[in-house]
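*Asks:* Before anything else, here's the structure in question.
The values are calculated or read from the model by the stated rules, or taken from the named source; none is laboratory data. Since this is a predicted model, take the numbers as computed values, not measurements. We place every Cβ from the backbone using ideal geometry, glycine too, and count neighbours over all the protein chains shown.
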Amino acid sequence: MNDAAEPAVAPDFLRRHADLTPASAPRGPRIALLDLVRGGALVAMAIYHGAWDLSFFRLVAIDVNEGGWRIFARLIAGTFLLLSGAALALATRNGLRWRPYLRRTGMIALAAVLVTAATYFVMGEGFVFFGILHEIALASLLAIPFLAAPLSLVGLAAAVVFALPFFWRHAVFSAPPLWWVGLAPTPPPSFDYVPVFPWFGLVLAGLLFGRLMIAGGLDRRLAAVGLPRPFRPLAFAGRHSLIVYLVHQPILIGLAFVTATVILPNHGVTEFRSQCEAACGANGQPDSVCRPYCACIVDGLREAGELGPAVAGMLTPTGQDRLQTVIGVCRTEVLGPPVEREVPPP
């Protein structure tokens with residue numbers, strides 16, 4: 001690392017690329033090994049999402065939000081963000097071509113909006129309002145000043161951004177418009193939450209690594225390394241990671257939904273009834289009440305055509321209304337009509 005020479009390099013970099021016209025400098029060669037690593041991260045992500053889908057539809061009794069699964073998910077996200085930062089450095093090694101750069105960032109932002117819309121309508125509460133695609137899109141803009149900053153400053157910023165939420169948070173960031181920052185005392189509910197703090201720190205760390213690779217000529221040496229034929233499909237997937245990301249989860253969740261509602265419906269129903277009985281018992285009711293009560297709910301949902309969506313946790317607002325109607329009927333059948341207390345005269 002030679003920070004002494006960098007103050008002269010940074011202004012020159014910005015002078016040469018301050019306009020919004022495409023730069024004439026060609027991009028450097030792709031590094032197939034990085035595509036391969038990204039492809040491996042995609043496989044790991046598909047494994048996690050597959051497990052999440054199976055758990056969501058009650059096909060397996062695992063909690064992907066705890067323990068090793070939680071660590072696994074964070075390692076996957078961290079890998080993608082490190083690679084994203086390194087890719088920013090490599091893509092701009094011969095100059096920042098503004099139009100392609102902003103076009104690519106816009107595509108990622110659009111994909112993030114699609115993910116938000118899809119999860120909002122399908123999952124409701126817990127929808128993805130700032131997931132990994134949102135983070136990558138915003139990080140691509142926040143990282144621009146660091147493309148030419150002294151390496152020591154990039155490293156310091158990476159450390160501060162990553163470490164800050166472990167030492168300081170404030171209630172002001174609990175306001176929903178500021179959830180994306182990541183400094184609220186309690187994380188907001190979301191199935192995929194990747195805020196700026198601490199995750200942008202990993203993007204900066206990847207950017208630092210990429211710039212060090214370029215400074216040492218490692219990027220050219222790695223670009224000359226070819227891949228054996230069996231690994232090329234994985235590298236191809238890594239080269240088109242955005243498309244793979246958008247396509248794989250709808251396929252996996254569709255397969256899990258069909259399995260839960262068509263192929264193995266009884267498995268999900270059994271788990272659904274067990275959870276109903278557990279919740280009933282937690283409210284102080286004996287088994288002699290909870291079992292017929294939950295059996296009544298299952299039968300009522302089946303007659304209403306809502307058992308499959310209820311088991312899958314994907315009831316529509318209309319389905320929720322039908323569920324409440326069924327619950328009211330079953331409560332009356334099992335417990336009898338509610339007793340109205342007489343109000344004593346004043």
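*Asks:* Across the range 181-199, which residue is farthest from LEU114 (Cα to Cα) among those that are surrounded by fewer than 19 Cβ atoms within 10 Å (Cβ to Cβ) and among the hydrophobic types (A, V, I, L, M, F, W, C)?
*Replies:* VAL181
*Asks:* Looking at GLY217, GLY131, GLY210, which one is without any contact (Cβ under 8 Å) to a residue 24 or more places away in the chain and assigned by TED's automatic domain parsing to the domain that holds ALA73?
*Replies:* Going through GLY217, GLY131, GLY210 in turn, just one is without any contact (Cβ under 8 Å) to a residue 24 or more places away in the chain and assigned by TED's automatic domain parsing to the domain that holds ALA73: GLY217.
*Asks:* Pick out the one residue from VAL122, VAL181, VAL172, VAL194 that is without any contact (Cβ under 8 Å) to a residue 12 or more places away in the chain, assigned by TED's automatic domain parsing to the domain that holds MET213 and either in contact with a Phe, Trp or Tyr (Cβ under 8 Å, 6 or more places away or on another chain) or aliphatic (A, V, I, L, M) (or both).
*Replies:* Only one candidate passes the filter, namely VAL172.
*Asks:* Using beta carbons and a limit of 7 Å, which pairs, at least six apart or on different chains, have the first residue in the range 287-307 and farther than 14 Å from VAL329 by Cα and the second one charged (D, E, K, R) and in a helix (DSSP H, G or I)?
*Replies:* So the pair list comes out as CYS290/GLU277; ARG291/GLU277; GLU306/ARG322.
*Asks:* Is it the case that some residue within the range 313-322 is part of a helix (DSSP H, G or I) and under 30 Å from LEU138 (Cα atoms)?
*Replies:* no
*Asks:* Follow-up question, since we're still on this one. Which of the residues spanning the range 79-102 are hydrophobic (A, V, I, L, M, F, W, C) and outside any helix (DSSP H, G or I)?
*Replies:* LEU96
*Asks:* Let me ask another. Quick check: anything in the range 145-153 within 21 Å of the chain's Cα centre (by Cα), of a type outside the set (S, T, N, Q) and in a helix (DSSP H, G or I)?
*Replies:* no
*Asks:* Could you identify the single residue in VAL298, VAL339, VAL289 that is farther than 24 Å from ALA256 by Cα and modelled with pLDDT of 80 or more?
*Replies:* VAL289
*Asks:* Six or more apart or on different chains, Cβ atoms under 8 Å: show the pairs whose first residue is in the range 98-110 and aromatic (Phe, Trp, Tyr) and whose second is buried (at least 16 other Cβ atoms within 10 Å of the Cβ).
*Replies:* As it stands, the answer is TRP98/HIS17; TRP98/ALA23; TYR101/ALA91; TYR101/THR92; TYR101/SER140, since those pairs meet every condition given.
*Asks:* All but one of (1) more than 24 Å from the chain's Cα centre (by Cα); (2) exposed (fewer than 15 other Cβ atoms within 10 Å of the Cβ) hold for MET213, so report the exception by its number.
*Replies:* (2)
*Asks:* Right, next: Where the second residue is polar (S, T, N, Q) and part of a helix (DSSP H, G or I) and the first is within 15 Å of LEU81 (Cα to Cα) and lies in the range 135-164, which pairs have Cβ atoms under 8 Å and are six or more apart or on separate chains?
*Replies:* Here the result reads ILE136/SER84; ALA137/THR105; ALA139/SER84; SER140/SER84; SER140/THR105; LEU141/THR105, each pair linking the range 135-164 to a residue that is polar (S, T, N, Q) and part of a helix (DSSP H, G or I).
*Asks:* Scan the range 47-62 and tell me whether some residue there is surrounded by fewer than 21 Cβ atoms within 10 Å (Cβ to Cβ), touching a residue at least 40 places away in the same chain (Cβ under 8 Å) and in contact with a strand residue (DSSP E or B) (Cβ under 9 Å, 6 or more places away or on another chain).
*Replies:* Among the residues of the range 47-62, not one is surrounded by fewer than 21 Cβ atoms within 10 Å (Cβ to Cβ), touching a residue at least 40 places away in the same chain (Cβ under 8 Å) and in contact with a strand residue (DSSP E or B) (Cβ under 9 Å, 6 or more places away or on another chain), which makes the answer no.
*Asks:* In the range 256-280, what residues are modelled with pLDDT of 85 or more and loosely packed, with under 15 Cβ neighbours inside 10 Å?
*Replies:* Matches in the range 256-280: SER274, GLN275, ALA278, ALA279.
*Asks:* Considering each residue of the range 206-245, count those that are in a helix (DSSP H, G or I) and within 26 Å of ALA137 (Cβ to Cβ), and give that number.
*Replies:* Total satisfying the criteria: 21.
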